[in-house]
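Scroll down for the structure; my scribbles are underneath it.
The values are calculated or read from the model by the stated rules, or taken from the named source; none is laboratory data. The structure displayed is predicted, hence computed values, not measured ones. So basically every Cβ, Gly included, is an ideal-geometry build from the backbone, and we count neighbours across all protein chains shown. Heads up: the accessible areas ignore ligands, DNA and RNA and are worked out on the full protein's heavy atoms, side chains in. Shrake-Rupley method; radii C 1.70, N 1.55, O 1.52, S 1.80 Å.
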Amino acid sequence: MDETLMTSNLDEKVNKSKELILEAINKFGKEKVAIAWTGGKDSTLLVHLVREVFNGQVPIPLVFVDTGKHFDTVYTFRDDLSEQWNLNVINAMNTEVINATEIGIVKIHRLSEDMRQEIKQIGWTKEEFRLALDREPCCHTLKTVATKKAIIENGLDALMVGIRWDEQESRSKESYYSPRINPKHIRIHPILHFRWDDVWEYINLNNVPRNPLYDKGFTSIGCFTCTNPNPEGKVERGGRAQDKEQTMNRLRALGYF
Ligand code: SF4
């Protein structure tokens, strides 16, 4: 975490982010870098910054990780903004795991050897897991593995992600460029230095569209099964399932955002 950047003013932060975006797209090329877009405030701000750099266009694809467990408003927001901003969205869904689910339970014997290896890698040895309730195998397969597949299938060398230093302890040690090995690619984090209040200041100043859930007491939006309103709003991710938050370091080491 760079305290100097964290305490700079909003214009300086925006300029730094724009420099990083331009540098990354020049370095990797428009076909080889994508934006990880969740439809949440941070990644939507990142997409808005890319539009600012490219005169209202988003010249690179977006990867939307579709767990099948998002709030309806997230899907509506994704579809409406995609049309409004002319976005090229890759919908990344782990259909293999979803198809192997019966009444919310994933039967591991129905999965391919590669998928079974992914689950084994996180130390899960049971013959099944419950979507949303068994958070590590659920998040790993529906989010991380879906992201990995999107990177491989679309030949991406880099993925821009809208994480921030002040958002979560496991993210405070991140750097702007973060090399990953499985699959080999670079994570680029252009808004690391934004604080929570900077995000809202930017969104309000620039009329960036936002999911209506933010006006209903949600401060951070994940799957509907694992996210609650957080009306006190003292801790940004306070509405997220806290057992998952405690395993973030472990999930992030395996490729989670
Ligand atoms: S947030 Fe919950 S439902 Fe979504 S992938 Fe993770 S454990 Fe599964």
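Between I119, I105, I152, which is within 16 Å of the ligand (Cβ to nearest atom), surrounded by fewer than 21 Cβ atoms within 10 Å (Cβ to Cβ) and not basic (K, R)?
So the residue among I119, I105, I152 that is within 16 Å of the ligand (Cβ to nearest atom), surrounded by fewer than 21 Cβ atoms within 10 Å (Cβ to Cβ) and not basic (K, R) is I105.
Criterion first (assigned to a helix (DSSP H, G or I), within 16 Å of the ligand (Cβ to nearest atom) and closer than 23 Å to R164 by Cα) does V47 satisfy it?
Numbers: assigned to a helix (DSSP H, G or I): yes; within 16 Å of the ligand (Cβ to nearest atom): no; closer than 23 Å to R164 by Cα: yes.
Taking the combined requirement at face value, the residue does not satisfy it.
In segment 239-257, how many are modelled with pLDDT of 70 or more and more than 15 Å from the ligand (Cβ to nearest atom)?
1
Among the residues of segment 2-14, count how many are surrounded by 12 or more Cβ atoms within 10 Å (Cβ to Cβ) and polar (S, T, N, Q).
Step one: of segment 2-14, the residues surrounded by 12 or more Cβ atoms within 10 Å (Cβ to Cβ) are 2, 5-6, 8, 10, 12-14.
Add one more test, that the residue is polar (S, T, N, Q), and what stays is 8.
Final tally of qualifying residues: 1.
How many residues does segment 40-55 contain that are among the β-branched types (V, I, T) and either modelled with pLDDT under 95 or open to solvent by 10 Å² or more (accessible area, probe 1.4 Å) (or both)?
1
Does segment 21-35 include one or more residues that are in contact with a Leu (Cβ under 7 Å, 6 or more places away or on another chain), open to solvent by 10 Å² or more (accessible area, probe 1.4 Å) and among the hydrophobic types (A, V, I, L, M, F, W, C)?
no
In this structure, is T144 within 16 Å of the ligand (Cβ to nearest atom) and among the polar types (S, T, N, Q)?
yes
Table: residues versus (1) within 24 Å of T95 (Cα to Cα); (2) under 18 Å from the mean Cα position of the chain (by Cα).
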residue: N9; (1), (2): no, no
residue: N15; (1), (2): no, no
residue: I21; (1), (2): no, yes
residue: V33; (1), (2): yes, yes
residue: L49; (1), (2): no, yes
residue: P59; (1), (2): no, no
residue: D66; (1), (2): yes, yes
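Among the residues of segment 55-65, is there at least one that is polar (S, T, N, Q), more than 30 Å from E31 (Cβ to Cβ) and more than 16 Å from the ligand (Cβ to nearest atom)? Spell out how you get there, then give the answer.
We begin by selecting, within segment 55-65, every residue polar (S, T, N, Q); these are 55, 57.
Next cut, more than 30 Å from E31 (Cβ to Cβ) only: none.
No: segment 55-65 contains no residue that is polar (S, T, N, Q), more than 30 Å from E31 (Cβ to Cβ) and more than 16 Å from the ligand (Cβ to nearest atom).
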